[in-house]
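Engineer: Here it is, the structure, as structure tokens.
Derivation of every value follows stated rules applied to the coordinates shown; laboratory data play no part. Values in this document were obtained by computation on a predicted structure and should not be read as measured data. As a convention, Cβ positions derive from the backbone with ideal geometry for all residues, glycine included, and neighbour counts pool all protein chains shown.
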Amino acid sequence: MSMPTLAAALRDVKGKGAARKLRRQDHIPAVFYGPVSNPMMLQIDRPALERLLREAGGENVILSLEITGAGGTSDRRSAMIKDLQIDPLKGVVLHTDFYEISMDKEISVNIPIELTGDPVGVESGGVLQHVRRELAISCLPGALVEKLELDVSGLGVGDAVHIRDIQLPQGITALDDEHLTVAVVAAPTAPVGEVAEEELEEAGGAEEATAEES
């Protein structure tokens, strides 16, 4: 996975007023922290962050954070986006948390599972059910992928695919139970209206038979 770079600057003021002022200038407040680093208050360019998120195309974003401090000194840190606060009406980022990582230490994250192909069982009237949409995995940051693609075209009615059936890329280990179901092609069921009509027909037939016997 490629690692984009994002510029950030230390900030020494906090509070709602300072945050509103930053946002008016198209910047947003951010926090950087990690297991061996003291928390740092940052400010970043909002359009630059939103462009990075669009280009990343996934939930787990690893980046190189270039932090500029007092006097123009700079420090580069590897980080993951840990939390995003987004305006529910405008859809713009309001705040973000960055968590420091080491490129030689494994991380644990959830990655999306995307189903591909049209199951043969669906052509026979079955219904494809996507049971588990994410997989918990562990890997080095450099081995992280945006998503897992799972081909379900060979599934017939009643067939299922489990976590143990997923071919994981090299360097990635699944953390979820291997017996958990990811997708299944369920047998077709009659609509409620049709079932009711069948039951009425059967009841009517039984009544007619009883009348004839009497």
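Engineer: Given axes a ≥ b ≥ c from the Cα gyration tensor, I'd like to know whether the range 107-186 is rounded (a/c under 1.5), prolate (a/b larger than b/c) or oblate. Present the calculation step by step, with values, prior to reporting the outcome.
Structural biologist: Numbers: a/c = 2.87, a/b = 2.29, b/c = 1.25.
Prolate is the answer for the range 107-186, as a/c is 1.5 or above and a/b outweighs b/c.
Engineer: Let me ask you something else. Just add up the charged neighbours of GLN167: K/R +1, D/E -1, any other residue whose Cβ is under 15 Å from the Cβ of GLN167.
Structural biologist: Here the charged neighbours net out to -3.
Engineer: Here's something else I'd like to know. Considering only the other residues whose Cβ falls under 15 Å of the Cβ of GLY121, what net charge follows from Lys and Arg at +1 and Asp and Glu at -1?
Structural biologist: Around GLY121, the surrounding residues sum to -4.
Engineer: OK, next. Name the lysines eligible as straight-distance cross-link partners of LYS21: C-alpha to C-alpha under 29 Å, and not fewer than 8 places from it in the same chain.
Structural biologist: LYS82, LYS90
Engineer: Output needed for the range 5-100: three equivalent-ellipsoid semi-axes, defined as square roots of 5 times the C-alpha gyration tensor eigenvalues, in descending order, whole Å.
Structural biologist: Working: eigenvalues 72, 61, 29 Å².
The equivalent ellipsoid of the range 5-100 has semi-axes of 19, 17, 12 Å.
Engineer: From Cα pairs below 8 angstrom and at least 6 apart in sequence, can you work out the relative contact order of the chain, rounded to a whole percent?
Structural biologist: Rounded, it is 16 percent for the chain.
Engineer: What list of ³J(HN,Hα) values in whole Hz, one per residue of the range 73-85 in order, does the Karplus curve 6.51 cos²θ - 1.76 cosθ + 1.60 (θ = phi - 60°) give from phi, with Gly and Pro shown as x?
Structural biologist: Going residue by residue, I get 5, 10, 9, 9, 10, 7, 8, 10, 6, 8, 8, 10, 9 Hz, with x marking Gly and Pro.
Engineer: Rounded if a/c is under 1.5, else prolate if a/b beats b/c, else oblate: with a ≥ b ≥ c from the C-alpha gyration tensor eigenvalues square-rooted, which is the range 1-56? Don't skip to the answer; put the middle values down first.
Structural biologist: Numbers: a/c = 2.85, a/b = 1.18, b/c = 2.41.
It is oblate, given that a/c is not under 1.5 and a/b is not larger than b/c.
Engineer: Is it possible to state the helix-based mean residue ellipticity at 222 nm for the chain, with each DSSP H run of 4+ residues giving -39500 (n - 2.57), the sum divided by total residues, to the nearest 500 deg cm²/dmol? What is it?
Structural biologist: So the helix-based figure for the chain works out to -6500 deg cm²/dmol.
Engineer: Something else about it: Which option, [x] 50, 40, 26; [y] 103, 42, 26; [z] 66, 26, 24, is the value of Cα extents along the principal axes in Å that was calculated from these coordinates?
Structural biologist: [y]
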